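Everything on this sheet refers to the single structure shown next.
Quick note: the coordinates plus some simple rules give every number you see, no bench work behind them. Everything numeric in this text was worked out from a predicted model, so none of it was measured. For neighbour counting, all protein chains shown are included, and Cβ atoms are generated from backbone atoms with ideal geometry for every residue, glycine included.
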Amino acid sequence: MQKILRSYILILMRQRLYSPSVRRALRELGRDIRIARKKRRMPVADFAVRMGVSQGTLLRLEKGDPGVAIGAVAMALLALGELHRLGTIIDISTDDTGLMLDVGSLPQRIRRPKPLAFAREGTAEGSE
């Protein structure tokens, strides 16, 4: 009884950690992976073998379970021939917020650097 209660509490805690928008995005990702697998005519068993995971893990991924490891997502993309998409999830060249923060941290005024003290001494000695 205590074991069941502990499992139920863990399930409730896990569900609270993720916002509804995150859960929705994960369900959409899982749905997209399932559709891509089906378009390629791959049965669950074969796809799971290609990913190196159990069929249960694959089914959890396709349902959008947030507990599935990012490595399993990467292996699913590899098995689909779409691993290159993982590198474009947050491409810094198209990260508008990141680019704005970079621009915002620029100094207001840029001054000419002062000449270094040893450079002035060196020129004076060389001219004597």
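Annotations for the structure displayed:
- Site pair Ile89 and Leu59 shows an inter-label distance of 2.5 nm when each label is modelled 7 Å from Cα along Cα→Cβ.
- Based on the Kirkwood approach, the hydrodynamic radius assigned to segment 13-123 is 17.7 Å, with every pair of different Cα atoms included.
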